[in-house]
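K.L.:
Questions regarding the structure given below will be posed in turn.
The values are calculated or read from the model by the stated rules, or taken from the named source; none is laboratory data. Model, not experiment: these values are computed from the prediction. Don't worry about glycine lacking a Cβ; one is built from the backbone with ideal geometry, like all the others, and counts go over all protein chains shown. Surface accessibility is based on the protein's heavy atoms, side chains included, excluding ligands, DNA and RNA. Shrake-Rupley method; radii C 1.70, N 1.55, O 1.52, S 1.80 Å.
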Amino acid sequence: MAQATSPDSSDDLSAPKTVVVDTERQRFAAIIVIGHAIKHTVTSGLSSVLIPEIKLRMGLSATQVGSLGSVQQFTGWAATMSAGYLGDRAASRTNVMLAISLGFTSLALLVLGLAQNYWMLLLGMLFMGFGPSMFHPPAIGALSRRFPDRLSFAISLHGTGGSVGEMLGPLLAAGLLSVLFWRGVLQVEFVIGGITALLMWRMLKDSKFRERHDEHSSPPAGLREYLGSFTGLLRDKTLLMLFLVTALRGVGQATNTIFLPVYLREDLGYSAGLVAAYIALGQLAGIGSQPLMGHLADRVGHKAVILPALIMFAVLLALIPVADSKVTLAIIILLLGLFVFSMQSILTSAAVEQAGPNMHSTVTSMVYASTFLGSLSPTIAGGLADAYGLQSTFYLSFALVGAAAVVMALTKLPRRVHTA
């Protein structure tokens, strides 16, 4: 197709090619971000709105609710690690891996919607661990390869899609719950997830958006070379410290994610609609904070952004049980939302940068998989809630995130030298 050129275009023959490449990668990123947003839209309403309803309707204990979260985290670990390997070994099949991820997510929603007892709920949460967890390594790996010049910002945009979905998901679930039983809500979301899986496969299948192996990228490594690189990652002390920070923060956050909606619904007696509004409020703050924190990390370094965020996050968790009004609690949840997804994005970009090229998806999977090391934490938190009340779960989250802040303070990361 012919392109219009200016009279002096011969002075810069690379300009049109650069514009085309930038347009391609921006469109690729947009598809990834939108797909990520829809994935979170159909899943976030489960923990924030539907699980409290299921607990009430099926008479589940807090320990049983916690075990559902533990099963999801455990299977998520296996899915994340396998997706990381495939994301680096089959980089040109990003569309297939993301479609499979969304397909498993839809299957989980269907099984949960058909569940008649606790054991079927466990099966559904097993699939829920596989589906969403398979999305991040290939998606972030593909973005990292296309945006090496703005790594933290690109990964933060991916996280912003998650925040949009986390904001819309509770509102969608609560809206559907006003006219449908909780089973019907899950079945509607199953349809949405299935359609999105097909669209992601088709839109990313276009050869213009497939992985390009140019002079800046290397062909996939052989299995022996890959295993050698993987072993090298495990010997990197800084990476291991980052994984530990991510694990402690992630476990603390997961405990809060599971039991905050239950606390609002049961202890405070809020309606399902009000619970959804509070959870959505928190995610609203994260939509703007992620690109900002990603930009700051690219300029001043990751540690200068992560450490203050961890400290603030821990303090806010401890304030939840002492909030004495709806307004105060809303402000705390709003501020929490500034850090929920943004910290995960910045920790991921820090690890990817530390590891270097050709292992982006694997490193991403290791970052996300590290959060699954505490897969029993929701069950333990559920036991605490049954014994001492739901407020005890927030103090557990505070302790875990506080420990993450201490480890982060001891972690040596390179300072960013910004040149104009």
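K.L.:
Just to verify a number: what accessible area does Arg146 come out at with the full protein assembly present, 1.4 Å probe, Å² rounded to tens?
P.N.:
The value for Arg146 is about 40 Å².
K.L.:
With every protein chain kept in the model, how would you rank Asp267, Asp298 by accessible area, 1.4 Å probe, largest at the top?
P.N.:
Output order, biggest surface exposure first: Asp267, Asp298.
K.L.:
May I pose another question? Would you calculate the separation in nanometres between label points at Gln391 and Leu284, each defined as 7 Å from the Cα along the Cα-to-beta-carbon direction?
P.N.:
Output for this residue pair reads 2.8 nm.
K.L.:
Of the heavy-atom accessible surface of segment 103-144 (probe 1.4 angstrom), what whole percent is carbon and sulfur?
P.N.:
81
K.L.:
Can you give the charge dipole size of segment 81-207 about its Cα centre, rounded to the nearest 20 debye, using +1 on the beta carbon of Lys and Arg and -1 on the beta carbon of Asp and Glu?
P.N.:
280
K.L.:
Quick one: what are the phi-derived ³J(HN,Hα) couplings along segment 321-330, Karplus 6.51/-1.76/1.60 with θ = phi - 60°, whole Hz, x for glycine and proline?
P.N.:
The phi angles translate into x, 9, 4, 9, 7, 5, 5, 4, 5, 4 Hz.
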